[in-house]
Amino acid sequence: MLGVLAGFFVVWCIILVGMFVGRRGILGENARSVLSALTFFVASPALLFETLSKATLHDVFAAPLLVTAVGAIATAALFFVIVRFLLKRSVPESLMSSMGASLANSANLGIPIAVFVLGDASYVAPLLIFQLAFFTPLFLMALDATTSSHRTTLLGFGIMILRNPMIVGSGLGLLVAGTGWQVPELVMQPIHLIGGAAIPAMLLAFGMSLNDSRPLQASAGRRLDTLLASCFKLFVHPALAYVFARFALGMEDQALFAVVVTSALPTAQNVFVAASRYQTGLTVAKDTVLITTIVAVPGMIGVALLLA
């Protein structure tokens, strides 16, 4: 238990440094976008490749992937029913807020939590692969079908998935693990060094993003939607994952802890990117990302205490 709390302490220390650096403008105006690009396109794919190349495929694709899929889909479906039929929101807005209630920040916060708290980046791989390869494209296809301004073909979605650096790094790592090929040490060393930049850069950029944000403005008229989406992401989603993993699959100990913690991750920042693209649910997307981001780490500490 002390090791888990120590992991959260390390994560929060780096986040606070990022907030300080961002508030003082030490790295300049574009620091956050540069750090985010570095992690997304270069460092994170290297880290995922190294981690997954040494993983056991059964541990990645068996029960954890099933829990990830069931938990996310059940959360999104339940939330959609509530906002669509009880709050009477439009279908596109209901889809967007459902995305915010169920899509987790598997990269920028998920990878550091997996490394420092769970002890292995491979614990977040099922979530990352499920979201990037299936869940996010599913939401985008539904949004395409319900808005008139954008239309994307299945081929376009396939290309989008295959061009994602996280998917490429994960796929190559799983390919190496599946074939049993040993990557030469001379090749793995630079990959290891580049991947080592991912976590500090992610957390510093994450801390910078927390400055000067004010959620739940009364003028937006979506406070209830935002609070409901935040509660679903932080409490309902991990609760559903726990029930399914514990009682349907019989998972215990570290495996159970890992799937619940990854389900309790905050809303992914690309939900706001999607809301901006489709021009629907902008307020709920932005505020849900911010609120869940601030509350998620204390919430995951609570999960750790409950499951200890």
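Worth a mention:
- Protein-only accessible surface order, largest first, of ARG32, ARG24, ARG163 at 1.4 Å: ARG163, ARG24, ARG32
- Highest-fluctuation residue, GLY119, GLY281, GLY158 considered, GNM on the chain with Cα pairs under 10 Å: GLY158
- Unit charges at the beta carbon, dipole of the chain: most positive-side option, PHE272, PRO137, THR75: PHE272
- Whole-Å semi-axes of the range 86-194's equivalent ellipsoid (Cα gyration tensor): 34, 18, 10
- By average C-beta atoms within 10 angstrom, highest first, the peptides 294-301, 92-99: 92-99, 294-301
- Net charge dipole size for the range 76-203 [Lys, Arg +1 and Asp, Glu -1 on Cβ; Debye, nearest 20]: 480 debye
- Relative compactness, the range 205-308, computed as alpha-carbon Rg over 2.2 N^0.38 Å: 1.19
- Counting only alpha carbon atoms, the long axis of helix 63-81 and the longest principal axis of the chain meet at about 10°.
- Applying Stokes-Einstein at 37 °C and 0.692 mPa s to the Kirkwood radius of the range 1-115, computed over alpha-carbon pairs, gives a translational diffusion coefficient of 188 µm² s⁻¹.
- Comparing mean-square fluctuations of THR147, THR288, THR262 from a GNM of the chain with C-alpha springs under 10 Å, the top value falls on THR147.
- Most fluctuating residue given options PRO184, PRO112, PRO45, as computed from a GNM of the chain linking Cα atoms under 10 Å: PRO184
- Exposure ranking of TYR278, TYR123 by accessible area [1.4 Å probe, largest first]: TYR123, TYR278
- Amide H to amide H, with H built 1.01 Å from N, ALA104 comes under 5 Å of ALA268, counting only residues 5 or more places away or on other chains.
- Take 68-75, 14-21 and order them by the average number of nearby Cβ atoms within 10 Å per residue, most first; the result is 68-75, 14-21.
- Computed over all pairs of different Cα atoms, the Kirkwood value for the hydrodynamic radius of the chain is 19.7 Å.
- In the frame of its principal axes, the range 61-132 has Cα extents of 43, 24, 18 Å, reported largest first.
- From its DSSP helices (H runs of at least four residues, each -39,500 (n - 2.57)), the chain gives a residue-normalised ellipticity at 222 nm of -20500 deg cm²/dmol.
- Nearest 10 degrees, 0 to 90: helix 253-263 Cα axis against the chain principal axis: 40 degrees
- Rounded to the nearest 20 debye, the dipole size of the chain about its Cα centre is 900 debye, using +1 on the Cβ of Lys and Arg and -1 on the Cβ of Asp and Glu.
- Carbon/sulfur fraction of accessible area - the range 177-292, other protein chains in place, 1.4 Å, %: 63 percent
- Annotation for the range 77-150: trypsin sites (Lys or Arg not before Pro) lying in DSSP loop with at most 15 further Cβ atoms inside 10 Å of their Cβ are LYS88.
- Compactness ratio for the range 156-198: Cα radius of gyration over 2.2 N^0.38 Å (N = residue count) comes to 1.37.
The values are calculated or read from the model by the stated rules, or taken from the named source; none is laboratory data. These numbers were taken from a predicted model, which means no experiment stands behind them. Neighbour counts run over all protein chains shown; Cβ positions are idealised from the backbone, glycine included. Heads up: the accessible areas ignore ligands, DNA and RNA and are worked out on the full protein's heavy atoms, side chains in. Shrake-Rupley method; radii C 1.70, N 1.55, O 1.52, S 1.80 Å.
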